[in-house]
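Just below is one structure, and these are the notes that go with it.
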Amino acid sequence: MLDGSYKSRSSLVGFLSLPSGGTMEITIPSGSIVNVLCATSDSPERTQVKYGDRSSTVLLQELLRCGTPVEGAAA
């Protein structure tokens, strides 16, 4: 499992859980700093992240491809 903060080098796709049980795809802009919160229990290939005042899940593979680790950063 990843931990810490990552700065996205390109846009990153995130998924928000909706109250209706569905999900909505969102775009995390390039240059955003995301903090990894925890792995998701229902989907091991995704992780919960927070950026700004929002949180969503992202694919681990995409975070590794688009993100650069940042030490001491706060989202």
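Here are the numbers for the structure shown:
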| item | result |
| --- | --- |
| Total charge dipole magnitude, region 1-53, about the Cα centre, Cβ charges on Lys, Arg, Asp, Glu only, Debye to nearest 20 | 200 debye |
| Relative contact order of the chain, pairs being alpha-carbon contacts under 8 Å that are 6 or more residues apart, as % | 38 percent |
| Karplus-derived 3J(HN,Hα), 6.51/-1.76/1.60, for each residue of region 63-70, Hz, glycine and proline x | 4, 5, 6, 9, x, 10, x, 10 |
| Radius 14 Å from Cβ of Leu37, net charge of other residues (Lys, Arg +1; Asp, Glu -1) | +1 |
| Where only alpha carbons of region 4-70 are counted, the Rg and the Dmax (Å) | 11.1, 35 |
| Whole-Hz ³J(HN,Hα) from phi, Karplus 6.51 cos²θ - 1.76 cosθ + 1.60, for region 6-17, glycine and proline x | 9, 9, 6, 8, 8, 4, 10, 8, x, 10, 9, 7 |
| For Gly67, residues with placed amide H under 5 Å, excluding near neighbours | Arg9 |
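Taken together, the values in this text are just the output of simple stated rules run on the coordinates, not laboratory data. Since this is a predicted model, take the numbers as computed values, not measurements. All Cβ positions, glycine included, derive from the backbone under ideal geometry; neighbour counts span all protein chains shown.
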